[in-house]
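Peer 1: Before we start, here is the structure in question, set down as structure tokens.
The values are calculated or read from the model by the stated rules, or taken from the named source; none is laboratory data. Please read these numbers as outputs of a predicted model, since none were measured by experiment. Cβ: placed from backbone, ideal geometry, glycine included. Neighbour counts: every protein chain shown. Ligands, DNA and RNA are stripped out before the accessible areas are found, and what is left, the full protein with its side chains, is counted by its heavy atoms. Shrake-Rupley method; radii C 1.70, N 1.55, O 1.52, S 1.80 Å.
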Amino acid sequence: MTPITPPTTTTITTPATPFKYSAAAQVACTEIALWLEQHGKTKAWLSRTTRLSTATVSQILNGKYPSDPTDQIKVMQDSLATHTERAADAGGEDGAYGAEGKASRYVKNSVYALTKTVCQRTRKHGNFGIVTGFVGIGKTAALKEYARTNSNTVLLEANPDMTPGVLLRDLLGLIDAACPKSLDEKFSALVATLKDTTTLIVIDEAETIQPRCLHYLRRLRDKAGVGIVLVGTERLLQIIKPVHGTFDQIRSRVGMFPPVIKAILRDDADDITRAHFPELEIEAETLETLWSYTQGSARMLTENIIPALVDYGIKKGRELNTSLIHEVAQKILFLAKPKKDGV
């Protein structure tokens, strides 16, 4: 008996019907696309800041996302709003260290002056320089400003417990040199690239790297003849300075070893404040009160007090005065009222 063959089943695939955006979603997508164009940003940039995939961002903005994009649009809007606020606080479109951002507002204060002196002399003589200071005084900002305004300056912001391999890899990346696989090859490539140049190597947070990294930096200085500046907290001083200590060979090569910077100066604080409020005539009493809350910290002033004064006072039309400073410092930032003016 001939078996009966069942009929062939044909599967018909119906093209998915594109999701119809609401009027609000269409307007939002248009506004986001316009913002990106006006600020010179790409969809890939928006993808990175929102942690949405590039494909998702592209589909949504092109009106081709297959489902309701309301949640994703909200994420994009929030991200752009935060970026806009940060850029406004920084004084320009691009935010940190753009042509119209923080760099234009950076005040070359006493910390910068000392940092520049150490960097210039270390570059000139091809030895080691050391800059140490308490946290928050503005060491990193000073280094960024120096690197921005001085060519052939390689600034590496170290990671905690950085290994020699990572150190050498990152330095090679910063000078756009090929990075071999082995540790010894990395070191040899770095020496060959830097030898007979006027390059200055600056290592920020140098006290956090593994001790072996310092030995590689010493040999880099010896073989390539470049200057190397180590920057960090007072702990770096404890590592390098002891006579006959573990790093005595580095200490003996240090051309400048300034005392630990403990605080910014009062004049520094006044200049920073005026730079952030160039349109205001700030009274001496107001500057004195502001200084009393800083504890000599540039970070406290620029990252906490001034932004809070802007957000909770200036933007609401209030005058920058002693009363506003006390209110914001104590009620918003929960700072204790100073027992006396000054640090």
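Peer 1: Angle check, please: helix 183-194 long axis (alpha carbons) against the longest principal axis of the chain (alpha carbons), in degrees 0 to 90, nearest 10.
Peer 2: 70 degrees
Peer 1: Another question, then. Give me Rg/Rg_expected for region 192-261, where Rg uses Cα atoms only and Rg_expected = 2.2 N^0.38 Å with N residues. Show your work: numbers first, answer last.
Peer 2: On the way: Rg = 12.0 Å, N = 70, 2.2 N^0.38 = 11.1 Å.
My calculation over the Cα atoms of region 192-261 gives 1.08.
Peer 1: Which length gain, in nm to one decimal place, applies between F19 and K241 when the Cα-Cα distance is subtracted from 0.36 nm times their residue separation?
Peer 2: Full extension of this stretch gives 73.2 nm more.
Peer 1: A follow-up question, please. Where the Cα atoms of region 271-315 are projected onto their three principal axes, how long is each span, largest first, in whole Å?
Peer 2: Rounded to whole Å, the extents work out to 25, 22, 15 Å.
Peer 1: Based on alpha-carbon atoms only, what is the radius of gyration of region 141-181 relative to the globular estimate 2.2 N^0.38 Å?
Peer 2: In units of the globular-protein estimate, region 141-181 measures up at 1.29.
Peer 1: Taking the mean number of other Cβ atoms within 10 Å as a proxy for protection, how do you rank 188-195, 114-121 from highest to lowest?
Peer 2: So the order, starting with the most tightly packed, is 114-121, 188-195.
Peer 1: For region 210-325, what D do you get in µm² per second when you plug the Kirkwood radius from alpha-carbon pairs into Stokes-Einstein at 20 °C and 1.002 mPa s?
Peer 2: After rounding, the answer is 123 µm²/s.
Peer 1: Hey, can you rank 42-51, 138-147 by average C-beta count inside 10 Å, highest first?
Peer 2: On the way: 42-51: 15.1, 138-147: 21.8.
Final packing ranking: 138-147, 42-51.
Peer 1: On to the next question. Straight-line reach from K195: which aspartates and glutamates have a Cα under 13 Å away, not including same-chain ones fewer than 8 places off?
Peer 2: Cα-Cα hits under 13 Å: D222.
Peer 1: Measure nothing but the geometry: give the 0 to 90° angle between the long axis through the Cα atoms of 211-224 and the longest principal axis through the Cα atoms of the chain, rounded to 10°.
Peer 2: 80 degrees
Peer 1: Another question, then. Could you tell me what fraction of 2.2 N^0.38 Å the Cα radius of gyration of the chain comes to, as a two-decimal ratio?
Peer 2: Taking the Cα Rg and dividing by 2.2 N^0.38 Å, one obtains 1.36.
Peer 1: State the dimensionless ratio Rg/Rh of region 102-142 (Rg: radius of gyration of Cα atoms; Rh: Kirkwood radius).
Peer 2: On the way: Rg = 11.2 Å, Rh = 11.1 Å.
When Rh is taken as the Kirkwood radius, the ratio is 1.01.
Peer 1: Working out 0.36 nm times the residue gap between R48 and K339, then minus their Cα-Cα distance, what length gain in nm do you get to one decimal?
Peer 2: Values: separation 291, 0.36 × 291 = 104.76 nm, distance 4.63 nm.
Value of the extension gain: 100.1 nm.
Peer 1: Could you do me a favour and compute the accessible area per residue for the chain, 1.4 Å probe, result in Å²?
Peer 2: Heavy-atom accessible area per residue stands at 56 Å².
Peer 1: Please give the residues of region 120-160, grouped as numeric ranges, whose backbone N is less than 16 Å from a label point set 7 Å along the Cα-to-Cβ vector of D176.
Peer 2: Counting only backbone N, you get 151-155.
Peer 1: Sort the following peptides by mean Cβ neighbour count (other Cβ atoms within 10 Å, averaged over residues), highest first: 258-271, 199-212, 166-179, 19-32.
Peer 2: 199-212, 258-271, 166-179, 19-32
Peer 1: A further question follows. Percent of alpha carbon pairs in region 215-254 separated by more than 12 Å?
Peer 2: That fraction is 59 percent.
Peer 1: How long, wide and thick is region 108-257, going by the Cα atoms along their three principal axes, in whole angstroms, largest first?
Peer 2: 41, 36, 27
Peer 1: Tabulate in residue order the Karplus-calculated ³J(HN,Hα) for region 332-338, using 6.51 cos²θ - 1.76 cosθ + 1.60 with θ = phi - 60°, rounded to whole Hz; enter x for Gly and Pro.
Peer 2: Result, ordered by residue: 9, 9, 6, 8, 6, 5, x Hz.
Peer 1: Rounded to whole Å, give me the distance from the Cα center of region 141-168 to that of region 246-289.
Peer 2: A separation of 20 Å, based on Cα centres.
Peer 1: At q = 0.18, 0.22 Å⁻¹, what log₁₀ I(q)/I(0) does region 258-343 have when each alpha carbon counts as one equal point scatterer in the Debye sum?
Peer 2: -0.71, -1.08
Peer 1: I would also like to ask the following. Could you state the angle between the C-alpha long axis of helix 70-90 and the longest principal axis of the C-alpha atoms of the chain, as a value from 0 to 90 degrees rounded to the nearest 10?
Peer 2: Rounded to the nearest ten degrees, it is 20.
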